[in-house]
Amino acid sequence: MKSDLKESGSVTITRNGESFDFPVYKAGEGPDVFDIRKLYAMTGAFTFDPGFTSTASCESKITFIDGDRGILLYRGYPIDQLADNSDFLEVAYLLLKGDLPQGKDREDFRSAITRHTMVHEQLKMFYSGFRRDAHPMAIMVGVVGALAAFYHDSTDITDPKQRLIATHRMIAKMPTIAAMAYKYSTGQAFVFPRNDLDYTSNFMRMCFAVGAEDYVINPVLSSALDKIFILHMDHEQNASTSTVRLAGSSGANPFACIAAGIASLWGPAHGGANEAALNMLEEIGTVDRIPEFINRAKDKNDPFRLMGFGHRVYKNYDPRATVMRKACHEVLDELGIKDEPLLQVAMELERIALEDEYFIEKKLYPNIDFYSGITLRALGFPTDMFTVLFAVARTVGWIAQWSEMIEDPLQKIGRPRQIYTGAPKRDYVSTDER
Ligand code: SDX
């Protein structure tokens, strides 16, 4: 990646009568940054930013989010235009390469991914070591981390050819590994990928086909899931992507980095929110119980939060939630479940929350996870597979951000500092003197 940092003036910090100047870089889009890399050397002090609410960890050209205006761009293209007009592999190409494919690009990329969709036969043995009721995210962390034990020819991160093969392998094998985790939980046999199907139809068939009867692909449902995958592909420096970047900054192989990303995504405050949001809607159950849960969400003494609501960056409607809600209605209409009770609860909960002073003042809006659970369950996936599907899609963003980090001339091992408020130096006291 070529660095495009453009200096635009400076900022001054004054402390104890001494002034220190730091360069300002102008962003292409969004907030400018203060370059404080020399702050500690010049002032002997650190910045303090738990949760990195005001910290840019890197320069990136992949995804731009404007939280106040509810804008999300993948390489400059608005997410709703990509969701409505593109497909998974074309958007994956865009995120990886920086532009939409032209001419033979698309077929070459599709062929490169298709040729890597199968997994080593011995990888299947990992599954039999898990309990059948293991959470599929636990299986994903374990199996994906173990890929490094099978693909020694694509773990040297200094070799661009090996990085490219690892990138193709990760994108290609995630649906196969995810479908195997689902099949294992059902006691059904694993289903091989097929080279004649598109990415998302292939995944749905690996999940829902059985030995005695193939799966008839419904193009409306497959296209809806493809759209959902596009929405989940990347999202700037979120917790799991930052985890992948930090793991990769030490030179760890890409399979281990993606496994670290899966682990971080699992949390209910992050990718686990789609599973938590559906569980919440089921707990609410009926429209008349909504006020009770709204009050709990507002009660400082109650740890309950409205899952699928709120966002670190979006202080407006998450543009993905708008597309997701449309996909939800498309799927429910196609399946003839217009009166899905949970959808009624979700829509009424959204209406009430968006009129409530607390949510308005704190700028809490539905995020991508609010409608995804209802949609994924209607597509036939069990609740504990929702975050797995998020991980399948986000693997494209993780690997694109990992590649950008490796190629970034400013990249170095990530090693934050701290403010220490623990015990001062003291001498050891033997047991009989304590
Ligand atoms: C994803 O980062 C990404 O980009 C993530 C993601 C991606 O694509 O990678 O977009 C995917 O993770 C979406 C978010 C999914 N998580 C949830 O839906 C879980 C519920 N949401 C919250 O946990 C929360 O909103 C977060 C974690 C998403 C954001 O938390 P922040 O930015 O740390 O905000 P905060 O916790 O400081 O909240 C600000 C205030 C707080 O009140 P005060 O302390 O100021 O009084 O808003 C309140 C919070 O208590 N608040 C909520 C709330 N979310 C925030 N109150 C009730 N219900 C909620 N959902």
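With Cα atoms as the point set, the stretch 254-387 shows a radius of gyration and Dmax of 15.0, 48 Å. In the chain, Cα pairs under 8 Å separated by at least six residues give a relative contact order of 20 percent. Averaging Cα coordinates gives a centre for the stretch 157-229 and one for the stretch 43-71; these two points are 34 Å apart.
Length available on full extension from residue 326 to residue 312: 0.36 nm per residue minus the Cα-Cα distance, which gives 2.7 nm.
This model, with +1 at the C-beta of Lys and Arg and -1 at the C-beta of Asp and Glu, gives the chain a dipole about its Cα centre of some 1120 debye. Computed across the stretch 20-160, the Kirkwood hydrodynamic radius from all distinct Cα-Cα pairs reaches 20.0 Å. A quarter of the convex hull surface defined by the alpha-carbon atoms of the stretch 76-128 gives 5.3 nm² as the mean projection.
Here the scattering of the stretch 209-308 is modelled by Debye summation over its C-alpha atoms, one equal scatterer each and no solvent; at q = 0.12, 0.16, 0.19, 0.25 Å⁻¹ the log10 of I(q)/I(0) is -0.67, -0.94, -1.01, -1.18.
With a threshold of 21 Å on the Cα-Cα distance, the over-threshold entries among 227/363; 26/363; 315/338; 26/97; 2/161; 298/362 are 227/363; 26/363; 315/338; 26/97.
The angle between the Cα long axis of helix 136-146 and the longest principal axis of the Cα atoms of the chain comes to about 70 degrees, rounded to the nearest 10.
Its relative contact order, with pairs defined as Cα atoms under 8 Å and 6+ residues apart, puts the stretch 77-158 at 16 percent. With K and R counted +1 and D and E -1, the other residues having a Cβ less than 13 Å from that of residue 276 yield a net charge of -4. Along the axis of the charge dipole computed for the chain (Cβ charges of +1 for Lys and Arg, -1 for Asp and Glu, origin at the Cα centre), the listed residues 241, 129, 387 are led at the positive end by 129. Peptides 215-223, 328-336 ranked from most to least packed by the mean count of surrounding Cβ atoms within 10 Å: 328-336, 215-223.
Among the trypsin sites (Lys or Arg not before Pro) in the stretch 5-57, those located in a DSSP loop and surrounded by at most 15 other Cβ atoms within 10 Å of their own Cβ are 37, 38. Against the main long axis of the alpha-carbon atoms of the chain, helix 369-378 sits at an angle near 20°.
Electrostatic tally near residue 135: other residues with Cβ closer than 14 Å to its Cβ, Lys and Arg +1, Asp and Glu -1, net -1. When shorter helices are ignored and each DSSP H run of at least 4 residues is given -39500 (n - 2.57), the per-residue value for the chain at 222 nm works out to -15000 deg cm²/dmol. Shape class of the stretch 346-402 from the Cα gyration tensor (axes a ≥ b ≥ c, square roots of the eigenvalues): oblate, since a/c reaches 1.5 or more and a/b does not exceed b/c. Taking a straight line from the alpha carbon of residue 183, these lysines sit under 22 Å away, with near neighbours fewer than eight places off in the same chain left out: 124, 173. When the solvent-accessible area of the stretch 38-189 is split by element, carbon and sulfur atoms take up 53 percent of it, the probe being 1.4 Å. Working from the Cα coordinates of the chain, the gyration tensor eigenvalues give, after taking √(5λ), semi-axes of 36, 29, 24 Å in decreasing order. Taking Cβ atoms as reference points and 15 Å as the exclusive limit, the residues near residue 294 contribute a net charge of -4, counting Lys and Arg as +1 and Asp and Glu as -1.
The values are calculated or read from the model by the stated rules, or taken from the named source; none is laboratory data. Just so it is clear, the structure is predicted and the values come from calculations on it, not from any experiment. So basically every Cβ, Gly included, is an ideal-geometry build from the backbone, and we count neighbours across all protein chains shown. The area values use the complete protein model at the heavy-atom level, side chains included, leaving out ligands, DNA and RNA. Shrake-Rupley method; radii C 1.70, N 1.55, O 1.52, S 1.80 Å.
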